[in-house]
Every structure is written in C-alpha cells, then in structure tokens.
Amino acid sequence: MQRMSVQSRVSKNIQRIRREKELSQEDVAHRANIHQTYLSGVETGKRNPSILVVERIAKALNVDVSEIFKPN
C-alpha cells in the first residue's frame with residue numbers, strides 16, 4: 001500500500017475541511033492573513049507551507065492543527 005506524502009495529506013485535509021465548513025479560499029486566507037493564491041497553491045500541493053502557516057490556517061478553519069496532519 002502506498003502512503004500519501006505529508007505535503008499531499010496536508011493539502012487534501014485543508015481543502016476538505018474548508019469545503020466541509022463551506023468556506024471560500026478567500027475567507028480562510030483572510031482569516032489566516034495569507035494571500036488567496038498562496039492558499040490555493042497549498043491546497044493543490046504546489047506550495048509547501050511552513051509549520052507556522054499551517055498553524056494559522058488551522059486557526060482560520062477553527063480546528064486543532066493535528067486535524068491538518070491526520071491520515072485520510
């Protein structure tokens with residue numbers, strides 16, 4: 001069984017949580033104080049966010065940062 005990379009897991013979890021909460025990328029980016037295009041890059045796996053940015057995104061999504069790293 002092939003395991004998903006951490007970067008891919010983070011990307012997919014951020015996108016899934018954001019969609020479950022019916023938030024736009026713009027809403028989350030504003031709350032996390034990052035640019036919407038940067039968040040888009042994170043969600044598509046084109047950007048590799050720092051731990052501090054992941055923490056800000058988690059707070060913007062109102063979830064514990066551990067939720068961002070959970071396996072599917």
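In a simple Cβ point-charge model (Lys, Arg +1; Asp, Glu -1; nothing else charged), the chain has a dipole of about 240 debye relative to its Cα centre.
Here the contact order of the chain, divided by its residue count and restricted to Cα pairs under 8 Å and six or more residues apart, works out to 41 percent. Give the distance, in whole Å, between the Cα centre of segment 1-32 and the Cα centre of segment 45-72. Taking the Cα centre of each part, segment 1-32 and segment 45-72 sit 7 Å apart.
On average, how much accessible surface per residue is there in segment 4-55, in Å², for a 1.4 Å probe, leaving out ligands, DNA and RNA?
Numbers: 3280 Å² over 52 residues.
Value returned for segment 4-55: 63 Å² of accessible area per residue.
GluC sites (Glu not before Pro), restricted to the chain: which are DSSP loop and have at most 13 other Cβ atoms within 10 Å? For GluC sites (Glu not before Pro) across the chain that sit outside H, G, I, E and B with at most 13 neighbouring Cβ atoms in 10 Å, the list reads 22. Using a probe radius of 1.4 angstrom, the carbon and sulfur fraction of the accessible surface of the chain is 47%.
The values are calculated or read from the model by the stated rules, or taken from the named source; none is laboratory data. Bear in mind the structure is a predicted one, so any value in this text is a computation, not a measurement. Here the Cβ is made from the backbone with ideal geometry for all residues, glycine too, and neighbour counts use every protein chain on show. When the accessible area is computed, the model is the full protein with side chains, heavy atoms only, and any ligands, DNA or RNA have been set aside. Shrake-Rupley method; radii C 1.70, N 1.55, O 1.52, S 1.80 Å.
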